[in-house]
2 protein chains.
Amino acid sequence: MALTEFSLIQQFFADATQKRQDVIVDIGDDCAVLSCPADSDIAISIDTLVSGIHFFPDVDPHTLGHKSLAVGLSDLAAMGATPAWFTLALTIPSLDEKWLSAFASGMAELADQHNIQLVGGDTTKGPLTISIQVHGLVKKGAQLQRNHAKSSDKIYVTGTLGDAGAALQKRLASWQPEELSEKDWSFLNKRLEQPIPQVNISREIQPFVNAAIDISDGVLADLGHILEASGKGARIYLGKIPLSSSLQKLDKAKAWQLALNSGDDYELCFTVPAEHVQALETLNLDIQQIGEITEEQKIVLLDEQGQPSVLDITSKGYDHFV
Amino acid sequence: MALTEFSLIQQFFADATQKRQDVIVDIGDDCAVLSCPADSDIAISIDTLVSGIHFFPDVDPHTLGHKSLAVGLSDLAAMGATPAWFTLALTIPSLDEKWLSAFASGMAELADQHNIQLVGGDTTKGPLTISIQVHGLVKKGAQLQRNHAKSSDKIYVTGTLGDAGAALQKRLASWQPEELSEKDWSFLNKRLEQPIPQVNISREIQPFVNAAIDISDGVLADLGHILEASGKGARIYLGKIPLSSSLQKLDKAKAWQLALNSGDDYELCFTVPAEHVQALETLNLDIQQIGEITEEQKIVLLDEQGQPSVLDITSKGYDHFV
């Protein structure tokens, strides 16, 4: 059977994800119709991944399916929203059934972990481009915003930083330090290609957080967005930056540079008022306090000897157009 | 000032549309947060337009901005939903401020007519691709679906059909019959490039409709979707197909072919039970009854002499991949 545009979403994607009770009209009509609980608002985010810009054209389609959805789930986590539904606008150069099948299964596996249902989509012919919009539910007034950081809030991050950046640097710049083994590269590549969105941690930290963002452009750039939106500055203790055992094998300055400035980690960065720190720490989450919010609008980095270096907080991370 | 990705949405789009009270968190955070009234569900649809596939690369960016949003508004109209919010994922090859400004203004003009607010977006570098997701509000249970057509329902369409198709054929096939004047072409091109989504008519017909769809792939193909989803057939009276004064100048067979099979009209096709016809007709809307739903699953076309020709309803309209 020849595949047609009309059957494409149906064949590969319509039953890819679990069905939710709150989907009133599913894929196959002019619109999907979705029911929002009366006590919640809807959080939405749309992201586009373009071949050759956001991923290598030869990337494994299964991991690409994972990552395309993970990016959106990470935005929901940063907002404190519970995943509910997503849509997929897929532009592909040709109908490659094997590729589509792998892409759909990578996406569906992650979707099922978070009970998020694919409810609509569009497939068109053209250069490979993936736009996904995620929709989550957040109790009214409980969303985590960027602009609520307060002076003396403690700054936390989840997981470890810089791993995806290391994998990217190897691929782009043929950087391959002898300290890192095959096993390290396998770990680092997985961090780049299959990031784990911090949806579960988001749920747990929500009661304690003043401001939050996900780390897609490097913690300095993304913390910078919190600081700009909140009109604050920050003090960061380099020795507290969480590094994976792979990155710990590197020269410290190199590891910190990767951790601070490279993107694609999809960890969370959030601020917590001092009075909530104890309650938060007793949860034993995979989080690390790395500094605190300050009144003066700059980022001060302190090394392990307490020596400061000052960065202008207008530093912006990766920009496709610069 | 150099334009950067971070400022792009802010500069050209953030204030392009009117602000709504139900937008809790606007552009500029990880997610937008939106409030849905307790008596309503949310209808969503995502569509992608690719340069060279859905529009000519040299198209006026102002009309492209209009059309990109009109396509989504037409889906909301077909669902009986009132426009509320939209997101824009824009992939552009370079930062052309003049182009972006015209695109944004074309989009904003139509948005303001329908009180729909831009609440999020993503801009990336790559081949020109526009994905827009629209969100509308529909009273719980009141959505218009494709699969509710009943036998002996009257079939209606809005406006006139085939105009966009005529303009497209001229451009693609250098088809230029002598009957049509400069003024005709100006009208037909406007129908192609700046379709008017039938949001207002949708609101008025809603109480009377069993099934509805918008006509993006030609009325035969789109009515075909209603028939397939509803398990019905249809009888269509060719003499009743609404034709613009421009298309009335053409040979009838040619005009009907354009009206039945060409896409991009963005009119509505809907079915109405006989008992509601009188109430509907007294509204004096720009709609035309063109036939009726039948039990047998095929489309029968009747010409002005009552001569039938039978089409298989699996005819599917335009498909990028075939």
How many residues does segment B:174-208 contain that are more than 14 Å from residue B:266 (Cα to Cα) and buried (at least 23 other Cβ atoms within 10 Å of the Cβ)?
1
Screening B:91, B:48, B:17, B:63 for residues that are part of a loop (DSSP other than H, G, I, E, B), polar (S, T, N, Q) and closer than 18 Å to residue B:130 by Cα leaves only B:17
In segment B:33-45, which residue that is within 7 Å of chain A (Cβ to nearest Cβ) and assigned to a strand (DSSP E or B) is nearest to residue B:126 (Cα to Cα)?
B:45
Any chance residue B:22 is of a type in the set (Asp, Glu), more than 24 Å from the chain's Cα centre (by Cα) and either away from every other protein chain (no Cβ under 11 Å) or buried (at least 21 other Cβ atoms within 10 Å of the Cβ) (or both)
no
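Out of B:234, B:255, B:229, B:212, report the one residue that is in the same structural domain as residue B:299 (by TED's automatic domain parsing), part of a helix (DSSP H, G or I) and buried (at least 21 other Cβ atoms within 10 Å of the Cβ). Steps first, answer last, please.
Details: B:234 fails: part of a helix (DSSP H, G or I); B:229 fails: buried (at least 21 other Cβ atoms within 10 Å of the Cβ); B:212 fails: part of a helix (DSSP H, G or I).
The conditions single out B:255.
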Unique residue being in contact with a helix residue (DSSP H, G or I) (Cβ under 6 Å, 6 or more places away or on another chain), aliphatic (A, V, I, L, M), away from chain A (no Cβ under 11 Å) and crowded, with 19+ Cβ neighbours inside 10 Å when the list is B:69, B:49, B:144:
B:69
Condition check: within 22 Å of residue B:248 (Cα to Cα) and either in the same structural domain as residue B:55 (by TED's automatic domain parsing) or within 13 Å of the chain's Cα centre (by Cα) (or both). Does residue B:219 satisfy that?
yes
Of A:183, A:154, which residue is free of Cβ contacts under 8 Å to residues at least 24 places away in the same chain and charged (D, E, K, R)?
A:183
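Being at negative phi and not β-branched (Val, Ile, Thr) is the filter here, so list the residues in segment B:122-136 that pass it.
Of segment B:122-136, the ones at negative phi are B:122-125, B:127-136.
Residues satisfying the conditions are B:122, B:125, B:127, B:128, B:131, B:133, B:135, B:136.
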Please tell me if residue A:95 is over 17 Å from the mean Cα position of the chain (by Cα), among the hydrophobic types (A, V, I, L, M, F, W, C) and assigned by TED's automatic domain parsing to the domain that holds residue A:44.
yes
Assigned to a loop (DSSP other than H, G, I, E, B), more than 20 Å from residue B:65 (Cα to Cα) and touching a Pro at 6+ places or on another chain (Cβ under 7 Å) - does that describe any residue in segment B:164-187?
no
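Which residues, counting only those in segment A:96-112, are within 12 Å of chain B (Cβ to nearest Cβ) and in contact with a strand residue (DSSP E or B) (Cβ under 9 Å, 6 or more places away or on another chain)?
Kept after step one, since they are within 12 Å of chain B (Cβ to nearest Cβ), are these residues of segment A:96-112: A:96-97, A:100.
Correct list: A:100 only.
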Determine whether segment A:113-125 contains at least one residue that is in contact with a strand residue (DSSP E or B) (Cβ under 9 Å, 6 or more places away or on another chain), at pLDDT below 95 and farther than 17 Å from residue A:14 by Cα.
yes
Just a yes or no: is a residue in segment B:129-136 in contact (Cβ under 8 Å) with a residue 12 or more places away in the chain and not in a strand (DSSP E or B)?
no
When (1) more than 23 Å from residue A:154 (Cβ to Cβ); (2) in a helix (DSSP H, G or I) are applied to residue A:250, the one that fails is (2)
The lone condition residue B:17 fails out of (1) within 12 Å of another protein chain (Cβ to nearest Cβ); (2) among the β-branched types (Val, Ile, Thr); (3) in contact with a strand residue (DSSP E or B) (Cβ under 6 Å, 6 or more places away or on another chain) is (1)
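Just to be sure I understand, how many residues within segment B:189-205 are more than 14 Å from every other protein chain (Cβ to nearest Cβ) and over 18 Å from residue B:290 (Cβ atoms)?
Of the residues in segment B:189-205, the ones more than 14 Å from every other protein chain (Cβ to nearest Cβ) are B:189-196, B:200-201, B:203-205.
Pick out the ones that are also over 18 Å from residue B:290 (Cβ atoms) and you get B:189-196, B:200, B:203-204.
Summing the residues that are more than 14 Å from every other protein chain (Cβ to nearest Cβ) and over 18 Å from residue B:290 (Cβ atoms) in segment B:189-205 gives 11.
The values are calculated or read from the model by the stated rules, or taken from the named source; none is laboratory data. For clarity, every value in this text was computed on a predicted model and none was experimentally measured. Don't worry about glycine lacking a Cβ; one is built from the backbone with ideal geometry, like all the others, and counts go over all protein chains shown.
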